[in-house]
Amino acid sequence: MKDTNNVDTFLKMLQEVENIALIMHLNPDGDAVGATTGMGLFLEEMGKSVAMISPNAFPAFLRWIPGSNRIINAEKSTDKAVDALNKADMVICLDFNARHRVGKFSGHLEKYTGPVILIDHHLEPEDGFTHYFCRTSASSASEIVFDIIQEINPELSSLSKDIAASLYVGIMTDTGSFNFSSNDPDLYPKIGALVKAGADPELIHTLVYSTSSENRTRLLGHSLLNRLVVLKAHKTAYIYLTHQDLKRFHFRVGDTEGLVNYTLSIKGINLGVLFTERVGHVKISLRSKGEFSVNDFARKHFTGGGHKNAAGAESKMELRDTIQMFEDLLPLYSEELNKDVEYK
Ligand SMILES: [Mn+2]
């Protein structure tokens, strides 16, 4: 039996350790970075020595996050990241639940023999972690970090402004500013506590969402005007981006973040997908409204998974073949795709 969500077990383990390495997933998003810096800063307040590792670079619009300037980019500074891992008495993995999600760094993580704690909110966590803080009903890994902090420190006196801002940005980005995964009423007292501790929702929203480059905004325009395909019969819309598109608009990490959501903004569309042609593979982002599970779909037909209404996947086929395969699959799901969301 997996020992899960047990703060006492975690605290006992913490007593034994001095150096802790925190690791987030490849292509980190706001939740991955925010949960990591939030947890990292909290552990430092507890007197621990903390190293934070990212498998690769994270987007520029997250670089203001307190503590994020200390994150080691394992792709760029591999030796430094491996050193931090080897020095660690404990590893904490945040916002992912399968080791392959750290990309090239997974080999190092697999070789690590100390305790590995998982803090995550995705479905079906992999076996082999020492302790699990997993709750799929949580909005984000950052919310789970908040829960851990609150259980250790119920008065939240250790919730500094910097920790609060980190966790707020994680919850805000993973819920699309409280648009999805945010129906749990228990989430809102936590938001209140974060704001009380000094997180500034207006400022954080501006720092995250009003920072597009001109190229990114034009890529959005190009995507919607020239690369959007609507399949009304299947209540599906998708956007595809080729190498050339990315090159034309000087694509940088994070530029397509949130782009897939525009597909679902069309009335009557229940499944939205973004196909992005990368070197050697096609990156697939999937979103759905209502009952259609993009997690099941991504797991069954592509390499990937995530949540019921938001998932990511990869295809090793050419872009054209990937899209063809996708279109061929849609008739199999016509019943589920035709269930529209309605007010209940
Ligand atoms: Mn997350």
- Restricting attention to region 213-230, report how many residues are surrounded by 14 or more Cβ atoms within 10 Å (Cβ to Cβ), over 14 Å from Thr276 (Cα atoms) and charged (D, E, K, R). 2
- Task: Could you list all residues from region 172-185 that are surrounded by 20 or more Cβ atoms within 10 Å (Cβ to Cβ) and either over 20 Å from the mean Cα position of the chain (by Cα) or in a helix (DSSP H, G or I) (or both)?
- Result: Met172, Thr173, Asp174
- Within the set of pairs 6 or more residues apart or between chains, which connect a residue that is within 13 Å of Thr130 (Cα to Cα) inside region 82-96 to a residue that is polar (S, T, N, Q) and part of a helix (DSSP H, G or I) with Cβ atoms less than 9 Å apart? Ile92/Thr36
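Filter region 186-219 for residues that are within 30 Å of His243 (Cβ to Cβ) and β-branched (Val, Ile, Thr); which is nearest to the chain's Cα centre (by Cα)?
So, considering only residues that are within 30 Å of His243 (Cβ to Cβ) and β-branched (Val, Ile, Thr), the one nearest to the chain's Cα centre (by Cα) is Val208.
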- Item | Filter result for the condition that a residue is within 15 Å of Ile23 (Cβ to Cβ), away from the ligand (no atom under 15 Å from the Cβ) and among the aromatic types (Phe, Trp, Tyr), over Phe129, Phe133 | Phe129
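Give the residues of region 92-115 that are in a helix (DSSP H, G or I) and on the phi > 0 side of the Ramachandran plot, sorted by residue number.
Scanning region 92-115 gives a single hit, Gly103.
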- Would you mention how many residues in region 118-131 are within 16 Å of Asn6 (Cβ to Cβ), surrounded by 18 or more Cβ atoms within 10 Å (Cβ to Cβ) and out of contact with any helix residue (DSSP H, G or I) (no Cβ under 7 Å at 6 or more places or on another chain)? 3
- Task: Would you confirm whether any residue within region 45-56 is part of a helix (DSSP H, G or I), over 17 Å from the mean Cα position of the chain (by Cα) and closer than 22 Å to Val169 by Cβ?
- Result: yes
- Given (1) more than 16 Å from the ligand (Cβ to nearest atom); (2) part of a strand (DSSP E or B), number of the condition Leu118 does not satisfy: (1)
- Checked region 263-320 for anything basic (Lys, Arg), in contact with a strand residue (DSSP E or B) (Cβ under 7 Å, 6 or more places away or on another chain) and in a strand (DSSP E or B); matches are Lys283, Arg287
- Query: Taking region 191-211 only, how many residues are outside any helix (DSSP H, G or I) and in contact (Cβ under 8 Å) with a residue 24 or more places away in the chain?
  - Reply: 5
- Please work out which residue is modelled with the highest pLDDT, limiting yourself to region 136-169 and to residues that are away from the ligand (no atom under 14 Å from the Cβ), of a type in the set (Gly, Ala, Ser) and in a loop (DSSP other than H, G, I, E, B). Ser160
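The values are calculated or read from the model by the stated rules, or taken from the named source; none is laboratory data. Because the structure is predicted, anything quoted here is derived from the model rather than measured. No Cβ is skipped: glycine too gets one built from the backbone with ideal geometry, and neighbour counts run over all protein chains shown.
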